[in-house]
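Undergrad: The structure's right below; bear with me while I get my questions together.
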Amino acid sequence: MRDMTSDGPMVEFRKDLFADERDDNLNEVGKPTRRQDILGHVTGRSPFFDDHLFDGLLHLRCARSPHHHARIRRIDTSAAERMPGVVRVLTGRDVPVNLNTLLSLLDFGLDDEPILSENKTAYRGEPVAAVIAETEAQARAAAAAVQVDWEVLPHVLDVEEAIKPGAPAVLEIYPENKFVYHGKYDHQKLRYGDVDRALAEADHVVEGRYQMSPIEQAPIETCGAIAAPEQNDRYVCYTSTQALFFSLGTAAKVLSMPSSRLHFIGGTVGGGFGGKVDSVHEPLAILGAMLTGRPVKYAWDRAEEMQVGAPRGAERWYITDGVMADGRIVARKFTGYFDAGAYTRLSSYAIIKGVGHLPGPYTIPNVHADVYCVYTNRTPATAMRGFGITGVDFAIEAHMDKVAETVGLNPVELRILNAYRDGDMKAHRRLAKNCALIECAQVVAEKAGVTLSPQMKAASSLRDGGGARAELPRHTATDQEGRVEGFTATSYARKGGGDSPPTTAPPPRPASPPPAASRPSPPAPSQPAPSASARPEPAPEQATKKPARSGAMRFSSLSGFRRR
Amino acid sequence: MAKTPVSFTLNGSPRAAFADPGQNLLEFLRRDVGDLSPKFGCGQGTCGACTVTVDGETHLACLVLAQTVEGRDVGTASGLARGAQLDPLQEAFMDHFAAQCGYCTAGMLISARALLDRNPRPTRDEVVEAISGNLCRCTGYEPIIAAILSVAEGRARA
Amino acid sequence: MTIVETYPTLAEAARAMGRDAAYMAGGTLLMRDVNEGAGPARLIRVSDPGLTRVQTTGDGVRLGAGVTMAGVLASRELEVLHPVARLIGGPQVRNMGTVAGNLFAAHPYGDFAAALLALGALVVLAGQGSARPVEDVLKARDSAGLVEAIEVPRPRDPRAFAFHKVSRVKPKGVSVLSIAVHLPREGGRIRDPRVVFGAMGPTPLRSSGAERALEGHALDTATIDRAAAAACEGLAPFTDQIATEWYRREVAGVHLRRLLTRMEQG
Ligand SMILES: Cc1cc2nc3c(=O)[nH]c(=O)nc-3n(C[C@H](O)[C@H](O)[C@H](O)COP(=O)(O)OP(=O)(O)OC[C@H]3O[C@@H](n4cnc5c(N)ncnc54)[C@H](O)[C@@H]3O)c2cc1C
Ligand code: FES
Ligand code: FES
């Protein structure tokens, strides 16, 4: 079936796949429908934040650092204050709580970023003062008149340079330029099975290095907010945020006021793509309204959106695969560097997400990852469409092609051979379900005119998974590398629970038992059937039922968390 | 600062307001005239969200001096519908999912309307060309192109 | 804050000009500065509709300074320039941007000016008797004064002119580079060729190397090879957000070769 955009096969619903898993008699799901907000869009009436007019609206613009990294000796706002139309100039001293980290609302990470920097700036474009004036042009002119006595510091723009000894410290609280995970390690670890051993036993070892540059979300509507005094000592705030309660919580924290005094109105977002979660506009706009008693708008122009709007961060990945001659991947090792830019924002969380995704949608019995959230003197990075996943997926899929070439297999078949199937154990110790990679790969092959072998054509996500492929590794090699002292501060870390001691157990399986359909005459799995008592790690069902770690908070999406 | 009185026609109705010196038409329409349908995306001429017509030609309101529309005929997306009767393009955009966030939509519709007014049966390439000055970050353009073509073909059949 | 002054004639506007003023035509470039608070103190405009006229003259076409790219596209007399005008900005920019404004457009803009230079157009300046070559105006933009009209000679053989624009975003991206070539021929041999590159320097520039390689030769593979190899002589490309200087130098000859090959094959 095609969708309504009938001018080409843009969307094709393949209802032949997983047909018995779906109810096609639903009223809305599975049917093309009009967006509920689209009448407003086509008539030009949808109320974006800037479509709210206020009499006496003031305009706020920031004075920004021209340097990648610099100490502030002195900020002189007196000339700016005397400029025509200027109502007020704010500096860090005016901000009630001038240090924040976005994920502090989720109890994750240390406050690291000033709203208006007072001592030091760590990226080009970092705001040091905010000018509020009668017109935009006046605010612009006055912002240019803010004088800062800078002491330019050495800067670092590359992730691997930044973690070398002697690199300039971007943030004083993370002197090694690395975020501290769980209060313990300078990187996020994934340990599943024994990668080094499996690599030693593999027929081929395939290595690769992959890099993705930062990507600007570039919404057509730039980020902004308008705040105005309301009755009953409250403030209304119209905002372009894509995470209203996130912004509300952040504003309440930064302004040190109960959120009940803040009336946030949003929901009509001119494109966000992740770039509108950072909540940097609302606190300043509201503070402006508080201090002037008038409506204040703080919105970026296009140049600011591009320069200081937080992008999807750059990533660099090193991948080493152990591959058997028949194409089964038996080990995958990652070293990853996320470029957080100058402040944490959402990068620390992106890595948690990303590591949960490793090794990609493939059943690989031995996986190891060390992923670093690295600070550099670049624009801070934040969310963007699948962030944490996209960059490493690019690396993984490029690497899959390299592996296919090495073993002389068609790249689509390599993917089908190694794909997750329902019931397989994943490296983050949960069972795979609702898998569909095999079917996607088969359809892609069909569309691209790639001929698959009969076995690959017959493969299915529903078959040949689970069983021995559902088992956890007998032995997982763990280590204390990257141990950091003195970082017990975050309560996230406390929720992480204690160390599970390194276990000693039988050697790892060399490979996941091959899926029967794809390999007509597999070597007999050499392991005895596992007995539950012999397992060093709990079965997944137990793991999920066990009251999860003491805090019981799990991230579910950017805008919140859920209890398990 | 001396303001300049500007009298012009907006979507067929006479309007008058005061423009600041150097003020662009986008600001003027939105703040001073109260037509919020053209949007600010860049102020640099690159995004097309501010597209309006001036005497029937598409212009970028952010690059037009407000006072230069004195005596001229300005058209915006607010004027596409006749009362409750939507323009066929508006209907087609709704049917084809040609707007997600909706921020580019008003400008996109103006460019599409201008195309169909001078060329009721455009080819796909002509449609692509006609909206090449309008950026959309959400849709990937295909639904927009399909929507415009559907109206063009509809006309051709009528 | 920018003040706008409108004059009925170009002559009056020319008298009103000064260090604090800029002449505004379509505004597609100037208004960007104004919006950023970086505009001049005074904007000088002219309301004379004569500036938007396209007139056929004996051996060519006279374009009023205020003729827009859309105006060029609407004129059948200017067919030779249609492939150029069609590639300037998107439809809205073509409805606004003028031919004279393009002479003053900073890098990487100026695609139309490149074509004018290749065609050997002349520029009529306000208050000056005789028209001057486009080249002179490009060399001294700041002191050129106000442009009243541009005289475009009609090439004897329209197929002797060709234009190619290389951009990353299609169909309306900014130039990585553009090439305008005019190769008049006498008895099969090229005489007084003009090979102009846009976005390969502060203004459109002639490739002295390619012109020398073409002069006096027939357009064949060997000549094309020599012209392509010498393409960067006389150019001064630099690095911007669109491309590096290195990249521009690498690809200039490649694109020139393609364009000349297309011309050779007719
Ligand atoms: C989105 C976008 C895309 C663009 N794409 C292209 C492109 O692909 N190729 C390209 O070449 N350009 C491009 N441009 C640049 C610009 O639109 C064109 O160069 C256009 O021709 C400039 O003309 P204007 O009338 O708008 O100039 P204005 O902005 O009015 O003026 C530009 C300069 O020319 C001077 N000037 C104008 N007229 C005269 C005159 N008669 N006498 C003396 N000085 C004068 C002005 O003082 C000013 O310094 C683009 C611009 C935008 C906004
Ligand atoms: S706001 Fe006018 S083109 Fe972007
Ligand atoms: S619908 Fe969002 S930019 Fe086009």
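The values are calculated or read from the model by the stated rules, or taken from the named source; none is laboratory data. Just so you know, these numbers come straight off a predicted model, no measurement behind them. Methodologically, a virtual Cβ is constructed for each residue, glycine included, from the backbone with ideal geometry; neighbour enumeration extends over all protein chains shown. These area figures cover heavy atoms from the full protein model, side chains too; ligands, DNA and RNA do not enter into them. Shrake-Rupley method; radii C 1.70, N 1.55, O 1.52, S 1.80 Å.
Undergrad: So for the pair C:T244, B:D73, with labels modelled 7 Å out along Cα→Cβ, what separation do we get in nm?
TA: Between C:T244 and B:D73, the simple spin-label model gives 5.3 nm.
Undergrad: Determine, for each peptide in A:432-439, A:240-247, C:82-89, the mean count of other beta carbons within 10 angstrom over its residues, then list the peptides with the highest first.
TA: Highest mean packing first, the order is A:240-247, C:82-89, A:432-439.
Undergrad: Can you order the peptides A:333-342, A:161-170 by their average number of other Cβ atoms within 10 Å per residue, highest first?
TA: Those peptides, ordered most packed to least, come out A:333-342, A:161-170.
Undergrad: Treating the beta-carbon of each Lys and Arg as +1 and of each Asp and Glu as -1, no other charges, what is the dipole magnitude of region C:49-153 about its Cα centre, to the nearest 20 debye?
TA: 200 debye
Undergrad: When ligands, DNA and RNA are left out and all protein chains stay put, how many square angstrom of accessible area per residue does chain B have with a 1.4 Å probe?
TA: On a per-residue basis, 37 Å².
Undergrad: In region A:342-411, what percent of the accessible surface is made up of carbon and sulfur (1.4 Å probe, ligands and nucleic acids excluded)?
TA: Roughly 54 percent of what the probe reaches on region A:342-411 is carbon or sulfur.
Undergrad: Which one of C:P204, C:V34, C:I179 is farthest out on the positive end of the charge dipole of chain C, using unit charges on Cβ (Lys, Arg +1; Asp, Glu -1) and the Cα centre as origin?
TA: C:I179
Undergrad: Now a separate question. What does the structure give for B:31-41 when I average, per residue, the other chain Cβ atoms found within 10 Å of the residue Cβ?
TA: On the way: counts 2, 0, 0, 1, 1, 9, 5, 1, 8, 11, 9.
Neighbouring Cβ atoms belonging to other protein chains average 4 per residue here.
Undergrad: Right, something else. What does the accessible area per residue of chain C come to in Å², with a 1.4 Å probe and no ligands, DNA or RNA counted?
TA: 44 Å²
Undergrad: Answer with one residue from C:Y109, C:H255, A:F394: the one whose Cα lies farthest towards the positive end of the charge dipole of the protein assembly as shown, charges on Cβ with Lys, Arg +1 and Asp, Glu -1.
TA: Farthest towards the positive end: A:F394.
Undergrad: Turning to a different aspect of this structure: Just the number, please: buried accessible area between B and C, total of both chains, 1.4 angstrom probe, nearest 100 square angstrom.
TA: Answer for the B-C pair: about 2100 Å² buried.
Undergrad: Next question. If you take the accessible area of A alone, add that of B alone, and subtract the area of the pair, what total do you get in Å², probe 1.4 Å, to the nearest 100?
TA: Summing both sides, the interface buries roughly 3000 Å².
Undergrad: So how strong a dipole does the protein assembly as shown carry about its Cα centre when Lys and Arg Cβ are +1 and Asp and Glu Cβ are -1, to the nearest 20 debye?
TA: Around 980 debye, computed over the protein assembly as shown.
Undergrad: Let me confirm one metric for peptide B:146-153, namely the mean number of other chain beta-carbon atoms within 10 Å of its residues' beta-carbons.
TA: Partner-chain Cβ atoms within 10 Å, mean over residues of B:146-153: 3.
Undergrad: Oh, and also: Provide a whole-number value for the mean count of partner chain Cβ atoms within 10 Å of the Cβ atoms in peptide B:127-135.
TA: Going residue by residue through B:127-135 and averaging, the value is 5.
Undergrad: In region A:260-349, if the dipole is taken from +1 on Lys/Arg beta carbons and -1 on Asp/Glu beta carbons about the Cα centre, which of A:A310, A:L284, A:W300 is farthest to the positive end?
TA: A:L284
Undergrad: Given the C-alpha centroids of region C:97-153 and region A:389-434, what is the distance between them in whole angstrom?
TA: 59 Å
Undergrad: Roughly how big is region C:151-244's charge dipole about its Cα centre, with Cβ charges of +1 (Lys, Arg) and -1 (Asp, Glu), in debye to the nearest 20?
TA: Value, rounded to 20: 340 debye.
Undergrad: With only alpha-carbon atoms counted, please give the Rg and Dmax of the protein assembly as shown, in Å.
TA: For the protein assembly as shown, the Cα radius of gyration and maximum Cα-Cα distance read 31.9, 103 Å.
Undergrad: Highest mean first, what order results for A:345-357, A:198-210 on Cβ atoms within 10 Å?
TA: In decreasing order of mean packing, A:345-357, A:198-210 become A:345-357, A:198-210.
Undergrad: Remind me, relative contact order of chain C in percent, using alpha carbon pairs under 8 angstrom and six or more residues apart?
TA: Once divided by the residue count of chain C, the mean separation gives 14 percent.
Undergrad: What are the ³J(HN,Hα) values, in whole Hz, obtained from phi via the Karplus relation 6.51 cos²θ - 1.76 cosθ + 1.60 with θ = phi - 60°, for each residue of region C:123-134 in sequence order, with x given for Gly and Pro?
TA: For region C:123-134, the Karplus-derived couplings read 10, 9, 9, 4, x, 10, x, 9, 6, 10, x, 3 Hz, x marking Gly and Pro.
Undergrad: Here's something else I'd like to know. Measuring with a 1.4 Å probe in the full set of protein chains, what accessible area per residue, in whole Å², belongs to region A:224-317?
TA: Result: 29 Å² of accessible area for each residue.
Undergrad: When the Karplus curve 6.51 cos²θ - 1.76 cosθ + 1.60 is applied with θ = phi - 60°, which whole-Hz ³J(HN,Hα) does each residue of region A:413-425 get, with x for Gly and Pro?
TA: For region A:413-425, the Karplus curve yields 5, 4, 5, 4, 4, 9, 4, 4, 10, 3, x, 6, 7 Hz.
Undergrad: Taking a point 7 angstrom from the Cα of A:Q455 along the C-beta vector, which residues in region A:327-360 have backbone N less than 19 Å away?
TA: It comes to A:327-331, nothing else.
Undergrad: Step through the table entries A:K333/A:K402; A:K178/A:K402; A:K189/A:K333; A:K120/A:K253; A:K189/A:K426, compare each Cα-Cα distance with 19 Å, and write down the pairs that go over it.
TA: Result: A:K178/A:K402; A:K120/A:K253 exceed 19 Å.
Undergrad: How about region C:136-223: which trypsin sites (Lys or Arg not before Pro) there lie in a loop by DSSP and see at most 11 other Cβ atoms within 10 Å?
TA: For trypsin sites (Lys or Arg not before Pro) across region C:136-223 that sit outside H, G, I, E and B with at most 11 neighbouring Cβ atoms in 10 Å, the list reads C:R156, C:R168.
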